[in-house]
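**Q** Handing you a structure now.
Values in this text are rule-based calculations from the coordinates and carry no lab data. Because the structure is predicted, anything quoted here is derived from the model rather than measured. As a convention, Cβ positions derive from the backbone with ideal geometry for all residues, glycine included, and neighbour counts pool all protein chains shown.
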């Protein structure tokens, strides 16, 4: 049998494995946001207590004494908090998201960068009501805010499980 008569073996291409990403519910995202707000406000009130003799930061819920500079400072602080926490090492989680097992990722499920975290956080820190309302009404069913769409990110539900090769044994109580 000659080599000319042999039939080459067919090339079989496997489809890429599908990755399932579960989009986070709006309620879980709200709770994560509230945890972040409470933690940051507590931190800012501690800072306020330390610097009180020198610099007056009104309490966030003290509406009658709001100052534009103080509100601007707090808003910028929230923006920096979310950008640093979610962009750090591409983890995509603030403390609130850690508590609620949520994560911000690129649309393909990969880690986000600081730049992406900053774009995504901008709407949350400075324009949240508009960011959410436009997202809900202009993109219904997508579970995206406008700045999620602009930054090409999604918020997903994560499952917190044991690392590979480790099993946690829970004693009965």
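**Q** So how do 26, 33, 82 line up by other beta-carbon neighbours within 10 Å, fewest first? Spell out each step's value before the answer.
**A** Values: 26 14, 33 19, 82 24.
The most exposed by this proxy come first: 26, 33, 82.
**Q** Which ordering of 67, 171, 86, 162 is given by a fewest-first count of other beta-carbon atoms within 10 Å?
**A** Numbers: 67 11, 171 4, 86 26, 162 8.
With the sparsest Cβ surroundings first, the list reads 171, 162, 67, 86.
**Q** Per residue, what volume in Å³ does the Cα convex hull of region 26-157 take up? Please list the in-between numbers first.
**A** Working: hull volume 14.8 nm³, N = 132.
Per residue, the Cα convex hull of region 26-157 comes to 112 Å³.
**Q** Rounded if a/c is under 1.5, else prolate if a/b beats b/c, else oblate: with a ≥ b ≥ c from the C-alpha gyration tensor eigenvalues square-rooted, which is region 83-173? If you can, show how the numbers build up before the last one.
**A** Details: a/c = 2.41, a/b = 1.93, b/c = 1.25.
Judged from the Cα gyration tensor, region 83-173 comes out prolate (a/c at least 1.5, a/b above b/c).
**Q** Something else about it: Only counting other Cβ atoms within 10 Å, I'd like 83, 20 sorted with the fewest neighbours first. Numbers along the way, then the final one.
**A** On the way: 83 22, 20 6.
Lowest count first: 20, 83.
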